[in-house]
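Presented below is the structure to which this report refers.
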Amino acid sequence: MILGIETSCDETAAAVVADDGEILSNVVASQADLHARFGGVVPEIASRRHLELIAPVLEEALDGRDVDAVAVTTRPGLIGALLVGVSAAKALAWARRLPLHAVDHLHGHVASLYLRPLDLQPPFTCLLASGGHTMLLDVRERGGYRVLGTTLDDAAGEAFDKGARLLGLGYPGGRELDLLAHRGDPRAYAFPVARVPGLDFSFSGLKTALLYRVRDLPPAELAARRADLAASYQRAIVRALVERVEAAGAGTVAVVGGVAANSELRASLPGAVFAPLALCTDNAAMVASAARYVEAVPYPQYLSLDARATAA
Ligand code: KG4
Ligand code: ZN
(Lines give C-alpha, C1' and ligand atoms only; values in the text may rest on other atoms or scores of the structure.)
(Ligands and ions follow the chains in the order given, each with its own letter.)
Protein backbone atom coordinates (compact mmCIF):
# COMPACT_ATOMS: atom_id res chain seq x y z
CA MET A 1 0.00 0.00 0.00
CA ILE A 2 1.25 3.45 -0.94
CA LEU A 3 0.33 6.76 0.66
CA GLY A 4 0.26 9.53 -1.98
CA ILE A 5 0.60 13.24 -1.18
CA GLU A 6 -0.14 16.11 -3.58
CA THR A 7 0.29 19.85 -2.85
CA SER A 8 1.67 21.29 -6.09
CA CYS A 9 -1.02 23.96 -6.55
CA ASP A 10 -4.22 24.72 -4.62
CA GLU A 11 -5.43 21.25 -3.69
CA THR A 12 -4.19 19.60 -0.49
CA ALA A 13 -4.57 15.90 -1.19
CA ALA A 14 -3.67 12.51 0.26
CA ALA A 15 -4.69 9.01 -0.82
CA VAL A 16 -3.92 5.38 -0.14
CA VAL A 17 -3.61 3.09 -3.16
CA ALA A 18 -2.95 -0.66 -3.19
CA ASP A 19 -0.23 -2.11 -5.38
CA ASP A 20 -2.83 -3.45 -7.83
CA GLY A 21 -4.24 0.07 -8.37
CA GLU A 22 -7.26 -0.11 -6.11
CA ILE A 23 -8.04 3.21 -4.41
CA LEU A 24 -8.55 2.69 -0.66
CA SER A 25 -8.97 6.37 0.19
CA ASN A 26 -8.77 9.62 -1.76
CA VAL A 27 -9.05 12.90 0.16
CA VAL A 28 -8.91 16.27 -1.62
CA ALA A 29 -9.24 19.59 0.23
CA SER A 30 -9.66 22.31 -2.36
CA GLN A 31 -8.56 25.84 -1.56
CA ALA A 32 -10.40 27.29 -4.57
CA ASP A 33 -12.76 29.38 -2.40
CA LEU A 34 -9.80 30.99 -0.69
CA HIS A 35 -8.27 32.15 -3.99
CA ALA A 36 -11.52 33.00 -5.79
CA ARG A 37 -11.61 36.66 -4.78
CA PHE A 38 -8.14 37.16 -6.26
CA GLY A 39 -9.17 35.54 -9.55
CA GLY A 40 -6.33 33.03 -9.39
CA VAL A 41 -4.04 31.10 -7.07
CA VAL A 42 -1.95 33.31 -4.77
CA PRO A 43 1.18 31.20 -4.12
CA GLU A 44 1.93 32.44 -0.61
CA ILE A 45 -1.68 31.95 0.50
CA ALA A 46 -1.65 28.45 -1.02
CA SER A 47 1.48 27.46 0.94
CA ARG A 48 0.02 28.66 4.21
CA ARG A 49 -3.26 26.88 3.62
CA HIS A 50 -1.45 23.63 2.70
CA LEU A 51 0.34 23.90 6.04
CA GLU A 52 -2.99 24.11 7.89
CA LEU A 53 -4.65 21.31 5.91
CA ILE A 54 -1.90 18.74 5.42
CA ALA A 55 -2.10 17.01 8.83
CA PRO A 56 -5.91 16.56 8.93
CA VAL A 57 -5.98 15.49 5.25
CA LEU A 58 -3.24 12.91 5.89
CA GLU A 59 -5.02 11.63 8.97
CA GLU A 60 -8.28 11.21 7.09
CA ALA A 61 -6.61 9.42 4.16
CA LEU A 62 -4.60 7.08 6.37
CA ASP A 63 -7.51 6.37 8.73
CA GLY A 64 -5.21 4.29 10.95
CA ARG A 65 -3.85 2.20 8.05
CA ASP A 66 -0.28 0.98 7.81
CA VAL A 67 1.35 1.75 4.48
CA ASP A 68 4.50 0.31 2.87
CA ALA A 69 5.74 3.44 1.11
CA VAL A 70 5.08 7.17 0.78
CA ALA A 71 4.85 9.03 -2.54
CA VAL A 72 4.85 12.77 -3.06
CA THR A 73 4.73 15.24 -5.94
CA THR A 74 8.15 16.92 -5.99
CA ARG A 75 7.78 18.79 -9.34
CA PRO A 76 6.56 20.84 -11.20
CA GLY A 77 4.40 23.33 -9.30
CA LEU A 78 4.42 26.28 -6.93
CA ILE A 79 7.63 25.87 -4.99
CA GLY A 80 6.27 26.86 -1.58
CA ALA A 81 3.21 24.65 -2.05
CA LEU A 82 5.33 21.67 -3.15
CA LEU A 83 7.61 22.08 -0.14
CA VAL A 84 4.75 21.54 2.31
CA GLY A 85 3.93 18.17 0.74
CA VAL A 86 7.58 17.14 0.42
CA SER A 87 8.30 18.04 4.04
CA ALA A 88 5.22 16.18 5.29
CA ALA A 89 6.14 13.14 3.16
CA LYS A 90 9.71 13.07 4.47
CA ALA A 91 8.59 13.40 8.08
CA LEU A 92 5.98 10.68 7.79
CA ALA A 93 8.21 8.28 5.85
CA TRP A 94 11.15 8.88 8.18
CA ALA A 95 9.08 8.37 11.33
CA ARG A 96 7.83 5.04 9.98
CA ARG A 97 11.14 4.09 8.34
CA LEU A 98 9.47 3.78 4.95
CA PRO A 99 10.89 4.34 1.45
CA LEU A 100 9.82 7.48 -0.44
CA HIS A 101 8.87 7.90 -4.13
CA ALA A 102 9.43 11.30 -5.77
CA VAL A 103 6.68 11.76 -8.36
CA ASP A 104 6.39 14.15 -11.31
CA HIS A 105 2.94 15.75 -11.27
CA LEU A 106 2.45 15.22 -15.02
CA HIS A 107 3.34 11.54 -14.72
CA GLY A 108 0.75 11.52 -11.94
CA HIS A 109 -1.98 12.81 -14.27
CA VAL A 110 -1.13 10.08 -16.80
CA ALA A 111 -1.11 7.48 -14.02
CA SER A 112 -4.72 8.40 -13.13
CA LEU A 113 -5.47 6.01 -16.02
CA TYR A 114 -3.66 3.12 -14.29
CA LEU A 115 -6.00 3.00 -11.29
CA ARG A 116 -8.77 0.43 -11.01
CA PRO A 117 -11.27 -0.14 -12.45
CA LEU A 118 -9.87 1.57 -15.60
CA ASP A 119 -6.35 0.06 -15.39
CA LEU A 120 -5.43 1.22 -18.93
CA GLN A 121 -2.48 -0.53 -20.58
CA PRO A 122 -0.02 1.32 -22.85
CA PRO A 123 0.55 1.96 -25.70
CA PHE A 124 -1.69 5.02 -26.14
CA THR A 125 -1.53 8.68 -27.10
CA CYS A 126 -2.35 10.88 -24.12
CA LEU A 127 -3.75 14.40 -24.15
CA LEU A 128 -2.85 16.01 -20.83
CA ALA A 129 -4.83 19.23 -20.46
CA SER A 130 -4.82 21.01 -17.10
CA GLY A 131 -4.59 24.48 -15.62
CA GLY A 132 -0.82 24.46 -15.89
CA HIS A 133 -0.05 22.20 -18.86
CA THR A 134 -1.28 21.11 -22.25
CA MET A 135 0.66 18.26 -23.80
CA LEU A 136 0.36 15.45 -26.23
CA LEU A 137 2.26 12.38 -25.02
CA ASP A 138 3.33 9.11 -26.56
CA VAL A 139 2.95 6.53 -23.78
CA ARG A 140 4.64 3.17 -24.42
CA GLU A 141 5.08 2.01 -20.84
CA ARG A 142 3.71 2.97 -17.45
CA GLY A 143 6.99 4.33 -16.16
CA GLY A 144 7.16 7.31 -18.51
CA TYR A 145 6.25 8.95 -21.81
CA ARG A 146 7.64 10.96 -24.71
CA VAL A 147 6.40 14.52 -25.30
CA LEU A 148 5.01 14.97 -28.83
CA GLY A 149 3.68 18.50 -28.41
CA THR A 150 3.16 21.16 -25.77
CA THR A 151 1.63 24.61 -25.47
CA LEU A 152 3.71 27.54 -26.62
CA ASP A 153 1.90 29.95 -24.28
CA ASP A 154 -1.22 29.38 -22.12
CA ALA A 155 -2.47 25.97 -21.02
CA ALA A 156 -5.98 24.90 -22.10
CA GLY A 157 -7.27 25.12 -18.51
CA GLU A 158 -5.72 28.57 -18.21
CA ALA A 159 -7.59 29.58 -21.37
CA PHE A 160 -10.81 28.33 -19.77
CA ASP A 161 -10.08 30.18 -16.53
CA LYS A 162 -9.11 33.45 -18.24
CA GLY A 163 -12.15 33.24 -20.52
CA ALA A 164 -14.38 32.59 -17.54
CA ARG A 165 -12.95 35.62 -15.80
CA LEU A 166 -13.65 37.84 -18.83
CA LEU A 167 -17.23 36.56 -18.77
CA GLY A 168 -17.59 37.40 -15.09
CA LEU A 169 -17.62 33.81 -13.85
CA GLY A 170 -15.91 32.62 -10.64
CA TYR A 171 -12.52 31.00 -10.19
CA PRO A 172 -11.54 28.40 -11.29
CA GLY A 173 -13.89 29.05 -14.17
CA GLY A 174 -13.50 25.99 -16.42
CA ARG A 175 -16.42 24.13 -14.92
CA GLU A 176 -18.68 27.20 -14.81
CA LEU A 177 -17.86 28.11 -18.40
CA ASP A 178 -18.66 24.53 -19.37
CA LEU A 179 -22.08 24.84 -17.68
CA LEU A 180 -22.84 28.27 -19.17
CA ALA A 181 -21.89 27.02 -22.64
CA HIS A 182 -24.74 24.49 -22.49
CA ARG A 183 -27.18 27.37 -22.83
CA GLY A 184 -25.37 29.09 -25.70
CA ASP A 185 -24.87 28.73 -29.45
CA PRO A 186 -21.32 27.58 -30.29
CA ARG A 187 -21.66 29.02 -33.83
CA ALA A 188 -22.60 32.52 -32.62
CA TYR A 189 -19.03 33.81 -32.72
CA ALA A 190 -16.05 32.74 -34.80
CA PHE A 191 -13.01 32.47 -32.54
CA PRO A 192 -9.62 31.65 -34.05
CA VAL A 193 -8.01 28.24 -33.59
CA ALA A 194 -4.27 28.85 -33.64
CA ARG A 195 -2.34 26.74 -36.08
CA VAL A 196 1.23 26.35 -34.93
CA PRO A 197 3.68 23.95 -36.56
CA GLY A 198 3.92 20.30 -35.48
CA LEU A 199 1.82 19.05 -32.61
CA ASP A 200 2.17 22.10 -30.37
CA PHE A 201 -0.69 24.23 -29.04
CA SER A 202 -1.29 27.96 -28.62
CA PHE A 203 -4.18 29.57 -26.74
CA SER A 204 -3.13 33.16 -26.01
CA GLY A 205 -4.61 34.58 -29.24
CA LEU A 206 -7.96 33.06 -28.41
CA LYS A 207 -8.07 34.73 -25.04
CA THR A 208 -7.25 38.10 -26.65
CA ALA A 209 -10.01 37.57 -29.24
CA LEU A 210 -12.53 37.04 -26.43
CA LEU A 211 -11.23 40.11 -24.62
CA TYR A 212 -11.96 42.26 -27.70
CA ARG A 213 -15.44 40.75 -28.18
CA VAL A 214 -16.33 41.42 -24.57
CA ARG A 215 -14.94 44.94 -24.72
CA ASP A 216 -16.87 45.78 -27.90
CA LEU A 217 -20.27 44.73 -26.59
CA PRO A 218 -22.48 47.23 -24.73
CA PRO A 219 -23.08 45.96 -21.15
CA ALA A 220 -26.74 45.06 -21.70
CA GLU A 221 -25.96 43.06 -24.81
CA LEU A 222 -22.98 41.40 -23.15
CA ALA A 223 -25.28 40.03 -20.45
CA ALA A 224 -27.57 38.60 -23.13
CA ARG A 225 -24.73 37.05 -25.13
CA ARG A 226 -22.63 35.54 -22.35
CA ALA A 227 -23.81 32.00 -23.00
CA ASP A 228 -23.16 32.36 -26.75
CA LEU A 229 -19.69 33.74 -26.05
CA ALA A 230 -18.96 30.89 -23.64
CA ALA A 231 -20.19 28.25 -26.09
CA SER A 232 -18.22 29.70 -29.03
CA TYR A 233 -15.08 30.15 -26.95
CA GLN A 234 -15.28 26.62 -25.55
CA ARG A 235 -15.84 25.27 -29.06
CA ALA A 236 -12.58 26.90 -30.21
CA ILE A 237 -10.56 25.41 -27.33
CA VAL A 238 -12.05 21.96 -27.83
CA ARG A 239 -11.46 22.16 -31.61
CA ALA A 240 -7.80 22.99 -31.04
CA LEU A 241 -7.39 20.02 -28.70
CA VAL A 242 -9.29 17.57 -30.90
CA GLU A 243 -7.42 18.63 -34.07
CA ARG A 244 -4.09 17.92 -32.43
CA VAL A 245 -5.22 14.57 -31.06
CA GLU A 246 -6.39 13.57 -34.53
CA ALA A 247 -3.15 14.78 -36.11
CA ALA A 248 -1.17 12.58 -33.72
CA GLY A 249 -2.45 9.51 -35.55
CA ALA A 250 -4.30 6.28 -34.94
CA GLY A 251 -4.40 4.01 -31.89
CA THR A 252 -5.85 4.39 -28.43
CA VAL A 253 -6.32 7.98 -27.24
CA ALA A 254 -6.59 8.85 -23.54
CA VAL A 255 -7.38 12.23 -21.96
CA VAL A 256 -6.30 13.34 -18.46
CA GLY A 257 -6.06 16.55 -16.38
CA GLY A 258 -8.67 19.05 -15.21
CA VAL A 259 -9.85 19.90 -18.73
CA ALA A 260 -10.62 16.20 -19.33
CA ALA A 261 -13.71 16.93 -17.20
CA ASN A 262 -15.05 19.24 -19.93
CA SER A 263 -18.36 17.94 -21.29
CA GLU A 264 -17.84 19.14 -24.88
CA LEU A 265 -14.35 17.62 -25.05
CA ARG A 266 -15.73 14.31 -23.77
CA ALA A 267 -18.50 14.41 -26.39
CA SER A 268 -16.06 15.40 -29.16
CA LEU A 269 -13.77 12.41 -28.62
CA PRO A 270 -16.27 9.56 -28.27
CA GLY A 271 -13.67 6.88 -28.94
CA ALA A 272 -11.17 8.14 -26.37
CA VAL A 273 -10.56 6.86 -22.84
CA PHE A 274 -11.16 9.64 -20.30
CA ALA A 275 -9.86 9.65 -16.74
CA PRO A 276 -12.79 9.26 -14.31
CA LEU A 277 -14.22 12.69 -13.39
CA ALA A 278 -13.02 12.49 -9.77
CA LEU A 279 -9.46 11.86 -10.98
CA CYS A 280 -9.28 14.59 -13.67
CA THR A 281 -8.47 17.50 -11.37
CA ASP A 282 -5.54 17.30 -8.96
CA ASN A 283 -5.62 14.44 -6.47
CA ALA A 284 -3.17 12.18 -4.63
CA ALA A 285 -4.46 8.81 -5.85
CA MET A 286 -2.80 9.57 -9.20
CA VAL A 287 0.46 10.36 -7.37
CA ALA A 288 0.41 7.05 -5.50
CA SER A 289 -0.47 5.34 -8.78
CA ALA A 290 2.54 6.82 -10.59
CA ALA A 291 4.81 5.88 -7.69
CA ARG A 292 4.26 2.21 -8.50
CA TYR A 293 6.34 2.78 -11.65
CA VAL A 294 9.20 4.90 -10.30
CA GLU A 295 11.95 3.58 -8.07
CA ALA A 296 11.76 4.48 -4.38
CA VAL A 297 14.49 6.35 -2.52
CA PRO A 298 15.40 4.16 0.46
CA TYR A 299 15.10 5.28 4.09
CA PRO A 300 16.67 7.70 5.10
CA GLN A 301 18.40 8.93 1.91
CA TYR A 302 15.40 11.03 0.86
CA LEU A 303 15.91 13.57 3.63
CA SER A 304 17.97 15.59 1.14
CA LEU A 305 15.26 15.38 -1.55
CA ASP A 306 14.16 18.77 -2.90
CA ALA A 307 11.10 20.22 -4.62
CA ARG A 308 11.39 21.85 -8.04
CA ALA A 309 9.17 24.45 -9.65
CA THR A 310 9.89 23.23 -13.17
CA ALA A 311 9.55 19.85 -14.88
CA ALA A 312 12.55 17.52 -14.55
O1 KG4 B 1 -5.38 19.21 -13.33
P2 KG4 B 1 -5.85 20.41 -12.59
O3 KG4 B 1 -6.69 20.19 -11.36
O4 KG4 B 1 -4.69 21.32 -12.11
C5 KG4 B 1 -3.46 21.49 -12.75
O6 KG4 B 1 -2.58 20.59 -12.65
O7 KG4 B 1 -3.35 22.55 -13.38
O8 KG4 B 1 -6.66 21.30 -13.63
C9 KG4 B 1 -7.38 22.43 -13.26
C10 KG4 B 1 -7.93 23.08 -14.51
C11 KG4 B 1 -8.50 24.48 -14.26
O12 KG4 B 1 -7.97 25.34 -15.24
C13 KG4 B 1 -9.99 24.28 -14.43
O14 KG4 B 1 -10.67 25.43 -14.88
C15 KG4 B 1 -10.04 23.18 -15.47
O16 KG4 B 1 -9.01 22.30 -15.08
N17 KG4 B 1 -11.34 22.49 -15.50
C18 KG4 B 1 -12.18 22.52 -16.56
C19 KG4 B 1 -13.33 21.80 -16.20
N20 KG4 B 1 -13.16 21.34 -14.93
C21 KG4 B 1 -11.93 21.77 -14.52
N22 KG4 B 1 -12.04 23.09 -17.77
C23 KG4 B 1 -13.05 22.94 -18.64
N24 KG4 B 1 -14.20 22.28 -18.37
C25 KG4 B 1 -14.38 21.69 -17.17
N26 KG4 B 1 -15.51 21.02 -16.90
ZN1 ZN C 1 -2.58 18.88 -12.23
Projected onto the charge dipole of the chain (+1 at Lys/Arg Cβ, -1 at Asp/Glu Cβ, origin at the Cα centre), which of LEU51, LEU303, VAL242 gives the Cα projection farthest towards the positive end? VAL242
Could you look at the chain and say what percent of its accessible area is carbon and sulfur, using a 1.4 Å probe and all protein chains? 53 percent
How big is the antiparallel share of DSSP beta bridges in the chain, given as a percent to the nearest 5? 60 percent
What size of dipole, in debye to the nearest 20, comes out for the chain about its Cα centre when the only charges are +1 on Lys and Arg C-beta atoms and -1 on Asp and Glu C-beta atoms? 680 debye
Between CYS280, HIS105, ALA36, whose Cα lies farthest towards the positive end of the dipole of the chain when Lys and Arg beta carbons carry +1 and Asp and Glu beta carbons carry -1, centred on the Cα centre? ALA36
Total charge of the residues flanking SER30 in space, meaning their Cβ is under 11 Å from its Cβ, with Lys and Arg +1 and Asp and Glu -1, is -3
Check each of the trypsin sites (Lys or Arg not before Pro) in region 2-49 and keep only those in coil by DSSP with at most 13 other C-beta atoms within 10 angstrom; list them in order. ARG37
Taking the chain and counting helices only, DSSP H stretches of n ≥ 4 at -39,500 (n - 2.57) each over all residues, the nearest-500 ellipticity at 222 nm comes to -12500 deg cm²/dmol
Go through ALA224, GLY64, ALA91 and say which Cα lies farthest out towards the positive end of the charge dipole of the chain; charges sit on Cβ, +1 for Lys and Arg, -1 for Asp and Glu. ALA224
At a 1.4 Å probe radius, which order do TYR189, TYR293 fall into by accessible area, largest first? TYR293, TYR189
Heavy-atom accessible area ranking, 1.4 Å probe, most first, across MET1, MET135, MET286: MET1, MET135, MET286
Report, in debye and to the nearest 20, how large the dipole of region 122-274 comes out about its Cα centre when Lys and Arg carry +1 and Asp and Glu carry -1 on their Cβ. 120 debye
Rounded to the nearest 10, the angle in degrees between the Cα long axis of helix 156-166 and the longest principal axis of the Cα atoms of the chain comes to 50 degrees
Largest first, how would VAL70, VAL294 line up by accessible area (1.4 Å probe)? VAL294, VAL70
Give the Kirkwood hydrodynamic radius (Å, one decimal) of region 122-274, defined as one over the mean of 1/r across all pairs of different Cα atoms. 15.6 Å
Rounded to the nearest 10 Å², what accessible area does GLU52 show when all protein chains are kept and the probe is 1.4 Å? 110 Å²
How far is helix 204-216 tilted, in degrees, relative to the longest principal axis of the Cα atoms in the chain, given as a value from 0 to 90 rounded to the nearest 10? 50 degrees
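The values are calculated or read from the model by the stated rules, or taken from the named source; none is laboratory data. Remember, predicted model here, so these are calculated numbers, not experimental data. Note: ideal-geometry Cβ built from the backbone for every residue, glycine included; neighbour counts use all protein chains shown. Ligands, DNA and RNA are stripped out before the accessible areas are found, and what is left, the full protein with its side chains, is counted by its heavy atoms. Shrake-Rupley method; radii C 1.70, N 1.55, O 1.52, S 1.80 Å.
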